[in-house]
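I have placed the structure first, in the form of structure tokens, so that the comments after it can refer back to it.
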Amino acid sequence: MDSAFKDGLEDVIAARSAICAIDGAAGRLYYRGYEIGDLAGAVPFEDITVLLWRGELPTAREAAEFRARLHAERGLPAPIVSLLRSLPRDCHPLDALRTAVSLSAALDADVRASDVDGNVRKSLRLLNRVPEIVAAWHRIRTGREPVGARADESHAAYFLRLLEAREPSPEVARVLDVVLTLHADHEFNASTFAARVAVATLADLHAAVVAAIATLKGPRHGGANEDVLRMLQEIGDPARAEAFVASRLGGREGRSRAERADPKARVPGFGHRVYRVDDARARVLRGMAKSMAEATGRARMFAVAEAVYDAMRARTSLPVNVDFFSAVVYDALGIPADLCTSIFATGRVAGWCAHALEQYADNRLIRPRAEYTGHAPRTLPTGAVAATSPLS
Ligand SMILES: CC(C)(COP(=O)(O)OP(=O)(O)OC[C@H]1O[C@@H](n2cnc3c(N)ncnc32)[C@H](O)[C@@H]1OP(=O)(O)O)[C@@H](O)C(=O)NCCC(=O)NCCS
């Protein structure tokens, strides 16, 4: 057995994939060969989804067909609304999402359909279900009624209307469309890898998306955007950013590895396993954060973010990641901190399904090995086997 152990699977090639490519040294990201900066804002999220799932951008007719199929699947099944109503109001939105997606498996007539068409039908439903659940839970937990489906809006506008029960402006819908596109896929990130591991056992697609949502939650992954917004709110004033960063990073040399790994010793929104420089998504989000924050009277939040960015630049070479400026955009959209990771999931579900479809199409169980570091084989101490034991 090859015993080359890579801590955290760093740089390990775990499978072949034709969906998404990352150039970590240059900060570039490609969906099916198209650079993210060329796609974001130019190609609607629905067409991005087709690109990720099928490999090519849709023709006008294919794009219309895809929207018609997507719109036909809109609307939360009543049992999911009932489930959400039964949750405690302080249930974290991502926990509510994970739980409700789990229930949606039981309500999906195709749950056991493992052919390509069945998996595409489930993917379409999940693409709707995620924003529908996120919006319905946010309304229920804030004492408001969920809003009904409509079939004539873009995916981004639909989600915003479900959240706020009013039509978003075209500008705001466009901002969310870009945000969804920027989050749609990212190669073998932790949640996508979790989905592929589940698929590789031939578990159903809903099971894979539940695994992905569960994995997205952690602060090392999608949960970081919630931490970023809380951090920026806590700092509150650009003049306090430098001291805050210093308190997080200061004295690292004297700290143990475990102490350095503590989230309280890190600045969320910085660092990445693959990128060595700020990535293209972060650059787009920084521009959007600035204009959105100014347009919505949240310029101070952007100023705090810029001050943290500058303080990090002065102290480290860690790149800023997608979660940093996206949190400022969410704040300008009126999204509370604990809902940020659910917005991430609303975009990333497109990528989870793309990777699931790819894994089902050419599958082999994903089952790595561990380098065993435990005790050498040994015998039980005398008298340790009870007289009633089947081993005795
Ligand atoms: C993203 C992340 C998990 C990547 O992890 P990784 O590739 O395993 O890198 P490590 O955790 O081994 O970090 C490498 C070094 O950089 C430091 N580091 C990484 N990110 C840091 C951050 N945001 N703030 C401060 N220090 C950081 C680590 O402490 C470590 O230093 P050490 O070797 O002296 O202990 C990590 O950068 C992180 O925790 N970032 C903050 C959370 C975040 O924004 N997550 C969203 C990712 S898109």
- Find the accessible area per residue for the range 255-392; the probe is 1.4 Å, ligands and nucleic acids are left out, and the unit is Å². 52
- Query: Mind checking the dipole of the range 264-376: about its Cα centre, +1 per Lys or Arg Cβ, -1 per Asp or Glu Cβ, Debye to the nearest 20?
  - Reply: 280
- Area projected by the alpha carbon convex hull of the chain, averaged over all directions, nm²: 24.5
- Query: Could you list, bin by bin from short to long, the percent of Cα-Cα pairs of the range 1-81 in 5 Å steps?
  - Reply: 3, 11, 17, 15, 13, 12, 11, 9, 5, 4, 1
- Item | Sparse-neighbour loop sites [trypsin sites (Lys or Arg not before Pro); the range 1-69; at most 11 other C-beta within 10 Å; DSSP] | K6, R16
- Message: Please check: in the Gaussian network model of the chain (C-alpha springs, under 10 Å), which one of P88, P319, P263 has the largest mean-square fluctuation.
- Response: P88
- Query: For the range 227-266, with only Lys/Arg (+1) and Asp/Glu (-1) charged at the beta-carbon, what is the dipole magnitude about the Cα centre, in debye rounded to 20?
  - Reply: 200
- Note on the structure: When the chain is treated as a Gaussian network with springs between alpha carbons less than 10 Å apart, the largest mean-square fluctuation among Y34, Y309, Y330 is found at Y34
- Label-point gap, in nm, between R364 and T382 - each point 7 angstrom along Cα→Cβ: 5.0
- Message: Using helices alone, I'd like the mean residue ellipticity at 222 nm for the chain: each DSSP H run of four-plus residues gives -39500 (n - 2.57), total over residue count, nearest 500.
- Response: -17500 deg cm²/dmol
- Among E234, E35, E73, the residue with the largest mean-square fluctuation in a Gaussian network model of the chain built from Cα contacts under 10 Å is E234
- Between Rg and the Kirkwood Rh of the range 63-188, both from Cα atoms, what is the Rg to Rh ratio? 0.96
- Carbon/sulfur fraction of accessible area - the range 1-108, other protein chains in place, 1.4 Å, %: 51
- From the Cα centre of the range 132-165 to that of the range 8-36, the distance in Å is 33
- Query: Accessible area of F344, 1.4 Å probe, to the nearest 10 Å²?
  - Reply: 10
- Note on the structure: Given the candidates A361, T379, V308, the one whose Cα lies deepest towards the positive end of the charge dipole of the range 305-389, counting +1 at each Lys or Arg C-beta and -1 at each Asp or Glu C-beta, is T379
- Query: Treating the beta-carbon of each Lys and Arg as +1 and of each Asp and Glu as -1, no other charges, what is the dipole magnitude of the chain about its Cα centre, to the nearest 20 debye?
  - Reply: 820
- Task: Compute the relative contact order of the chain as a whole-number percentage, counting only Cα pairs closer than 8 Å that sit 6 or more residues apart in sequence.
- Result: 23
- Sequence ranges 40-47, 361-368, ranked by mean other-Cβ count within 10 angstrom, highest first: 40-47, 361-368
- Area projected by the alpha carbon convex hull of the range 132-282, averaged over all directions, nm²: 12.7
- In what sequence, highest mean first, do 150-157, 299-306 appear when ranked by Cβ atoms within 10 angstrom? 299-306, 150-157
- Expressed as cubic angstrom per residue, what is the convex hull volume of the alpha carbon set of the range 281-392? 285
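The values are calculated or read from the model by the stated rules, or taken from the named source; none is laboratory data. The shown structure was predicted, so the numbers you read here are calculated from the model rather than taken from an experiment. Reconstructed Cβ throughout: ideal geometry from the backbone, glycine too, with neighbour counts over all protein chains shown. With ligands, DNA and RNA removed, areas are computed over all heavy atoms of the protein, side chains included. Shrake-Rupley method; radii C 1.70, N 1.55, O 1.52, S 1.80 Å.
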